[in-house]
Amino acid sequence: MSVTDSREEVVRLTTLARCAGCASKMGPGDLTRALATLPRQTDARLLVGNETFDDAGVFVLSEDLALVQTVDFFAPIVDDPYDFGRVAAANALSDVYAMGGEPLTALNIVGFPTATLPVELLGDILRGGFDMVHAAGAVMVGGHTVVDEELKYGVSVTGRADPRRLLVNTAARPGDRLLLTKPIGSGIIATAARNGEAEAEDHRAMVGWMTRLNDVASRAALAVGARCATDVTGFGLLGHASHIARGSGVTLEIDVSAVPLLSGARALAERGVSTGGGKRNAEYLAARVQWGDVDSVTRTLLVDPQTSGGLLIAVGESSVPDFRARVDGAVEIGTVLPRGLVDIVLS
């Protein structure tokens, strides 16, 4: 779909973004320092808050019912407005799936430059978000818009979960196997596409993965008895893996050769394509990872900010075949070890 204004001039949404998609997230180091100033909440109904860097908050209503709440928004990561809406909504919905929840309702969040973009374009974005929320079985109930100099869109999602059967960052156990449900590299490909350097086929494949909901993977994790998961987004694979390591008091060993990559991602990284978010992630992780002899290109890929990435799930060894049979594309990438000197060991 081409985006045009009344003068039939093509609008490339990604050129309007200073920092696109989840690469625009505040770096984990800065965020940690900001959150450190907040008082710790003690309400017994708040089962999961911000202390463990989990993907959503969980508020208990009864013995078998809890609310799962999240919000996510960003500037365009793709040029097509309908696809932008779909990607942004899928990304927000993923936070609920990463907790083992089921999305119920959603609210749009919009910052829109009315002086420079046609409002019809916003309609396409909202339609994309609506369609993705509907595909998740949830209901779009409204939203809020403000005039902004930079286009931004996202969704706040409320879901439900059984508080006795959650997926959280704190439940990985030594001996568990690590499974990843989507390939990584979207930050690098999106950056290259913005600069006209990505192959069209690789870009289409990236959009396909970003608009694939994590619902099947979430349900499969619960079905095989998993209790630990996170979705891989702006902090990159290693950043989110480190949250599991610290939350669970373990070390994760990741086989870098097993990590699946989006088509074209490695070639672009070899040509020097990277993101500012990836560099912030690398700085934060420098002392938290035993890098070994992993080359610089692979390091760039492992810290690359993802948008609407897959789930990273800790699964009992005996349950791995069952999980992989349920989730197309799931790949075993590592093992959970007893706590060592660092969060992550690369092998």
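Key figures
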read-out	value
Unique match (being more than 29 Å from Ala192 (Cα to Cα), aliphatic (A, V, I, L, M), touching a Leu at 6+ places or on another chain (Cβ under 8 Å) and modelled with pLDDT of 95 or more) among Val289, Val294, Val303, Val315	Val315
Residue in the stretch 297-310 that is farther than 22 Å from Ser94 by Cβ and without any contact (Cβ under 8 Å) to a residue 12 or more places away in the chain present	no
Residue within the stretch 31-44 that is modelled with pLDDT under 95, on the phi > 0 side of the Ramachandran plot and in contact with a Gly (Cβ under 8 Å, 6 or more places away or on another chain) present	no
Single condition Val294 does not satisfy, out of (1) closer than 15 Å to Phe235 by Cβ; (2) touching a strand residue (DSSP E or B) at 6+ places or on another chain (Cβ under 6 Å)	(1)
Within the stretch 191-232, considering residues that are among the charged types (D, E, K, R) and not in a helix (DSSP H, G or I), the one surrounded by the fewest Cβ atoms within 10 Å (Cβ to Cβ)	Glu197
Residue match in the stretch 63-85 (condition: out of contact with any Ser or Thr (no Cβ under 9 Å at 6 or more places or on another chain), crowded, with 18+ Cβ neighbours inside 10 Å, in a strand (DSSP E or B) and touching a residue at least 40 places away in the same chain (Cβ under 8 Å))	yes
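The values are calculated or read from the model by the stated rules, or taken from the named source; none is laboratory data. It should be emphasised that the depicted structure is a prediction, and the values quoted were computed from it without experimental measurement. All Cβ positions, even for glycine, are placed from backbone atoms using ideal geometry, and neighbour counts span all protein chains on display.
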